[in-house]
Amino acid sequence: MDNALAFGAASGQAARVDAVFLLILVIGVFFFFLTQGMLIYFAVKYRRRLPGRDNETPAITGSPLLEFLWILIPSIVVVVIFYYGWRVYTDQRIPVAGATEVYVNARQWLYEIKYPDGRTAVNEIRVPSGKPVKFILSASDVLHGFYLPDFRVKMDMIPGRVTSLWVQPERPGSYQIFCTVYCGTGHSNMLARLIVMPPNEYAAWAAHGEGGAGEGKEHEPLAVRGERVAKNAGCLNCHAIGGAVKIGPGWKGLFGSNVLLEGGKTVTADEEYLRESIVDPGAKIVKGFPNVMPTYKASIPPEDVNAVVEYLKTLK
Ligand code: HEC
Ligand SMILES: [Cu+2]
């Protein structure tokens, strides 16, 4: 950790990414020496000889077997690389249940951190070791990146959209976070730290720790704030908190469920779907309901939309 440029694999996930890279490297090195070796061998073996001796090139017209093999073998190799890489990739992309969640919003040129219990911090994320952590990512101004080199994962942070990323930190320590999207003059200073703490230390910190960047102790949990925002915004005129159907669908059990849309498609109600349903309700219409929900894009600021989403997630 002292040497900021030595990024050892900090999780099992990272070790699997490294294994994919190693496999590709080994295959690449093998074929490099095979082809270059043959090139040199043939150049020497079939070089031009002294006058009068053995200068005729044999009339080779092709070899179907050889051509078949040099199409087949590389095809198998690239399919194997693809399949292996895809397995490791999907494993990383599919969110896990029971993760510690942290909201991270990027703006020029810092990361604003918000924990579901309302604590906030800047450029410093604290999480417990030994269980998955899910980062819920957004951006206020331009594209930013969220890159955890020790964990071999990276995700774009996009204005007007929520993306997410999860890791399983196993070893306590302090890990670098980089912005990987050129976002203006302060880009190279846009650095943050992921601090992985032993679970008991984390619990102690979360219970009465300083709230990061000098924030007071009086913080309101995100879900509580979300509930208040939803009530004030009149959502409950059309939505029931239980399973009942009013003008719009009920909210109970919505998060994580599969929603059938007008047109026959199905989407999983993840954070991005809920966010979009609030700021752009016409984008995806729930089957059997009229497109009458007003947009809250202008009236609910993005942090409050996050809070409402957090509230919806509590309605199990
Ligand atoms: C005028 C009535 C009305 C109001 C007010 C309203 N909604 Fe809706 N909402 C609907 C209707 C109707 C649908 C279903 C049609 C659609 O998908 O747009 C819906 C759909 C949704 C969905 C997707 C539900 C699902 O089952 O997939 C969410 C989430 C949502 N609303 C959240 C909110 C929030 C949060 C507010 C307040 C900030 C709100 N709504 C205010 C009528 C309303
Ligand atoms: Cu940036």
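The values are calculated or read from the model by the stated rules, or taken from the named source; none is laboratory data. All values derive from a computational prediction rather than experimental measurement. Here the Cβ positions follow ideal geometry from the backbone for every residue, glycine too, while neighbour counts run over all protein chains shown. Accessible surface is based on the protein model in full, side chains and every heavy atom, while ligands, DNA and RNA are left aside. Shrake-Rupley method; radii C 1.70, N 1.55, O 1.52, S 1.80 Å.
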Among residues of region 298-316, those that are modelled with pLDDT of 85 or more and basic (Lys, Arg), counted: 1
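For residues that are touching a Gly at 6+ places or on another chain (Cβ under 7 Å) and of a type in the set (Gly, Ala, Ser), tally how many sit in region 97-130.
1
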How many residues of region 1-49 are modelled with pLDDT of 80 or more, open to solvent by 80 Å² or more (accessible area, probe 1.4 Å) and either hydroxyl-bearing (Ser, Thr, Tyr) or assigned to a loop (DSSP other than H, G, I, E, B) (or both)? The answer is 3
State all residues of region 197-221 that are at pLDDT 85 or above and open to solvent by less than 30 Å² (accessible area, probe 1.4 Å); if no residue qualifies, say none. Met197
Pair list, Cβ < 9 Å and 6+ apart or interchain, from region 173-192 residues that are closer than 25 Å to Pro128 by Cβ to residues that are within 16 Å of ligand 1 (Cβ to nearest atom) and part of a loop (DSSP other than H, G, I, E, B): none
Return the residues of region 169-206 that are among the hydrophobic types (A, V, I, L, M, F, W, C) and within 15 Å of ligand 2 (Cβ to nearest atom); say none if nothing qualifies. Ile177, Phe178, Cys179, Val181, Cys183, Met190, Leu191, Ala192
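So which of Leu236, Leu260 ends up being touching a strand residue (DSSP E or B) at 6+ places or on another chain (Cβ under 8 Å), open to solvent by 30 Å² or more (accessible area, probe 1.4 Å) and not in a loop (DSSP other than H, G, I, E, B)?
Working: Leu236 fails: touching a strand residue (DSSP E or B) at 6+ places or on another chain (Cβ under 8 Å).
The match here is Leu260.
Across region 269-296, which residue is nearest to ligand 1 (Cβ to nearest atom) among those that are in a loop (DSSP other than H, G, I, E, B) and charged (D, E, K, R)?
Start the filter on region 269-296 by keeping residues that are in a loop (DSSP other than H, G, I, E, B), which leaves 269-270, 280-285, 287-296.
The next check asks that each one be charged (D, E, K, R); those that pass are 270, 280, 284, 287.
Working: Asp270: 11, Asp280: 9, Lys284: 6, Lys287: 9 Å.
Looking at residues that are in a loop (DSSP other than H, G, I, E, B) and charged (D, E, K, R), I get Lys284.
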I'm trying to understand the selection: among the residues of region 297-316, which are outside any helix (DSSP H, G or I), more than 8 Å from ligand 1 (Cβ to nearest atom) and aliphatic (A, V, I, L, M)? Ala298, Leu315
With respect to Val102, determine if the residue is more than 27 Å from Glu220 (Cβ to Cβ) and under 14 Å from the mean Cα position of the chain (by Cα). no
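Could you say whether any residue in region 298-314 is surrounded by 15 or more Cβ atoms within 10 Å (Cβ to Cβ), free of Cβ contacts under 8 Å to residues at least 60 places away in the same chain and under 22 Å from Gly160 (Cα atoms)?
If we filter region 298-314 for residues that are surrounded by 15 or more Cβ atoms within 10 Å (Cβ to Cβ), which is where we start, we get 300, 302-314.
Add one more test, that the residue is free of Cβ contacts under 8 Å to residues at least 60 places away in the same chain, and what stays is 305.
This time we only want the ones that are under 22 Å from Gly160 (Cα atoms), so: 305.
Looking through region 298-314, at least one residue is surrounded by 15 or more Cβ atoms within 10 Å (Cβ to Cβ), free of Cβ contacts under 8 Å to residues at least 60 places away in the same chain and under 22 Å from Gly160 (Cα atoms).
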The strands (runs of 3 or more DSSP E) lying wholly within region 80-186 that contain at least 2 residues that are open to solvent by 40 Å² or more (accessible area, probe 1.4 Å) are 110-114, 124-128, 153-157
